[in-house]
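One structure is given below, encoded as structure tokens.
The values are calculated or read from the model by the stated rules, or taken from the named source; none is laboratory data. Please read all numbers here as calculations on a predicted model, not as lab measurements. Reconstructed Cβ throughout: ideal geometry from the backbone, glycine too, with neighbour counts over all protein chains shown. Areas reflect the complete protein model, heavy atoms only, side chains present, ligands, DNA and RNA absent. Shrake-Rupley method; radii C 1.70, N 1.55, O 1.52, S 1.80 Å.
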Amino acid sequence: MTLSEAFLWPGTKVCEKVGVDPEGEAGLLRWLVNTLVYLVLSLFVVWIFVV
């Protein structure tokens, strides 16, 4: 597994669960899921360090 595959893993798994090809037109779905996952993780980390 390469580093890019590791970063894209959450969105890829969601696409596989839904039954769409993450490399095709559903790349936008993978991008959306990855954005939400990493947004929540980033906000959690910032909250821990600031508060």
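For the chain, what is the accessible area per residue in Å² when the probe is 1.4 Å?
84
Step through the residues of segment 24-29 one at a time and calculate ³J(HN,Hα) from phi using the Karplus curve (6.51 cos²θ - 1.76 cosθ + 1.60, θ = phi - 60°), rounding each to whole Hz and writing x for Gly and Pro.
x, 5, 7, x, 5, 5
Rounded to the nearest percent, how much of the accessible area of the chain (1.4 Å probe, protein heavy atoms only) is carbon and sulfur?
Carbon and sulfur atoms account for 75 percent of the accessible area of the chain.
In debye, nearest 20: dipole of the chain around its Cα centre with unit charges on the Cβ of K, R (+) and D, E (-)?
220
Using a 1.4 angstrom probe on the protein heavy atoms only, could you order W9, W31 from most to least accessible area?
Highest to lowest solvent-accessible surface, that is W31, W9.
Helix 9-18 sits at what angle to the longest principal axis of the chain, using alpha carbons and giving 0 to 90 degrees rounded to 10?
Compared with the principal axis, the helix lies near 50 degrees.
Put a dot 7 Å past each Cα toward the Cβ at M1 and L28; how far apart are the dots in nm?
2.8
Averaged across orientations, what area in nm² does the convex hull of the alpha carbons in the chain project?
So the mean shadow area of the Cα hull is 4.0 nm².
Quick check: residue separation of S42 and V18 times 0.36 nm, minus the Cα distance between them. What number comes out in nm?
Computed gain between S42 and V18 is 6.1 nm.
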